[in-house]
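Single-structure report; data block below.
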Amino acid sequence: MKRAALFAGLALVPTGWVLAVLPLGMVGHMAGHMIAVAIAAPFLALGLSQGRLDPARLWPGLTSPMAMMLVELVTVWLWHLPALRAATMTSFPLLGLEQLCFLGAGLLLWSSVLRSDHRAAGIGALLLTSMHMTLLGVLIGLAPRPLYAAADHHHHHLAGMDPLIDQQLAGVLMLLVGGASYFIGGLVLLASLLRQRGAA
């Protein structure tokens, strides 16, 4: 199971990068973000869990779930500031750094919550992450005007799509994929914790 999860995560990483780079508007860019932070990252964390390259095992003192939740929160909100998004759309190296930050923050968070001694804190960290992902998705999706006009001038929308609709769909994608991924992860961890306590 761990090997399959690792291979799935490794396969998803370039998929996210391609979607972020292609001229698919904000929807494509957001899909690349969500694949990195909310889909590839948990697969990689599961595949690396308890192994030599598990981040939570390499840096046990630095990877508490709540601390990594804050790292992930800052990473996600910072890179969605209009000025930074505009910069990524005009700089391929910066775009690569952005995707790397999303993947790294997600991997650190998911690795920390999979540690057996951090299950309770991990549940809280995942549920809080689900909440802030949903909030940011709602703010982007319900904005009355395009927030990223400067960036979108350089990154063409899908054919015929209005910039505001493109942004709204990206917001929906974020709250559905990002919010659901962390919420489901929190529920799975909660079920695991309850089973362990029931057996004890």
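Given the condition at pLDDT below 95, touching an Asp or Glu at 6+ places or on another chain (Cβ under 8 Å), part of a loop (DSSP other than H, G, I, E, B) and not basic (Lys, Arg), answer yes or no: does some residue in the stretch 68-91 qualify?
Yes, the stretch 68-91 has at least one match.
With the requirement that a residue be open to solvent by 40 Å² or more (accessible area, probe 1.4 Å) and part of a helix (DSSP H, G or I), what does the stretch 122-144 give you?
Selection gives Leu127, Leu128, Met131, Thr134, Leu135, Val138, Leu139, Leu142.
Run down Gly47, Gly61, Gly28 and say which single residue is outside any helix (DSSP H, G or I) and small (Gly, Ala, Ser).
Answer to the selection: Gly61.
From the set of residues in the stretch 45-61 that are surrounded by 15 or more Cβ atoms within 10 Å (Cβ to Cβ) and not hydroxyl-bearing (Ser, Thr, Tyr), which is nearest to the chain's Cα centre (by Cα)?
The residue in question is Ala45.
Whether any residue in the stretch 93-113 is out of contact with any strand residue (DSSP E or B) (no Cβ under 7 Å at 6 or more places or on another chain), under 20 Å from Ser192 (Cα atoms), at pLDDT below 85 and not in a loop (DSSP other than H, G, I, E, B) is what I want to check.
Checked against the condition, which is being out of contact with any strand residue (DSSP E or B) (no Cβ under 7 Å at 6 or more places or on another chain), under 20 Å from Ser192 (Cα atoms), at pLDDT below 85 and not in a loop (DSSP other than H, G, I, E, B), the stretch 93-113 yields no hits at all.
Right, Met26: farther than 27 Å from Leu194 by Cβ, buried (at least 23 other Cβ atoms within 10 Å of the Cβ) and modelled with pLDDT under 95 or not?
In short, yes.
If you go through the stretch 12-19 one residue at a time, do you hit one that is more than 18 Å from Ile184 (Cα to Cα), open to solvent by less than 20 Å² (accessible area, probe 1.4 Å) and of a type in the set (Ser, Thr, Tyr)?
no
Note down all Cβ pairs under 6 Å where the first residue falls in the stretch 105-125 and is under 11 Å from Pro55 (Cβ atoms) and of a type in the set (Ser, Thr, Tyr), the second is open to solvent by less than 40 Å² (accessible area, probe 1.4 Å) and modelled with pLDDT under 85, and they're at least six residues apart or on different chains.
What qualifies is Ser111/Ala56; Ser112/Ala56; Ser112/Thr63.
Please indicate, with yes or no, whether at least one residue in the stretch 89-104 is touching a Leu at 6+ places or on another chain (Cβ under 7 Å) and open to solvent by less than 30 Å² (accessible area, probe 1.4 Å).
No, because not a single residue in the stretch 89-104 is touching a Leu at 6+ places or on another chain (Cβ under 7 Å) and open to solvent by less than 30 Å² (accessible area, probe 1.4 Å).
Among the candidates Val113, Val76, single out the residue that is touching a Pro at 6+ places or on another chain (Cβ under 7 Å) and open to solvent by less than 20 Å² (accessible area, probe 1.4 Å).
Of the residues listed, the single one that is touching a Pro at 6+ places or on another chain (Cβ under 7 Å) and open to solvent by less than 20 Å² (accessible area, probe 1.4 Å) is Val113.
When you look at Met69, is it in contact (Cβ under 8 Å) with a residue 24 or more places away in the chain, within 18 Å of Asp117 (Cα to Cα) and buried (at least 19 other Cβ atoms within 10 Å of the Cβ), yes or no?
yes
In this structure, does Met1 turn out to be of a type outside the set (Asp, Glu) and open to solvent by 80 Å² or more (accessible area, probe 1.4 Å)?
So Met1 fits the description; yes.
Among (1) in contact (Cβ under 8 Å) with a residue 12 or more places away in the chain; (2) of a type in the set (A, V, I, L, M); (3) over 30 Å from Tyr148 (Cα atoms), there is one condition Leu19 misses while meeting the rest; what is its number?
(3)
The values are calculated or read from the model by the stated rules, or taken from the named source; none is laboratory data. This structure is a prediction, so every number in the text was calculated from the model and none was measured. No Cβ is skipped: glycine too gets one built from the backbone with ideal geometry, and neighbour counts run over all protein chains shown. With ligands, DNA and RNA removed, areas are computed over all heavy atoms of the protein, side chains included. Shrake-Rupley method; radii C 1.70, N 1.55, O 1.52, S 1.80 Å.
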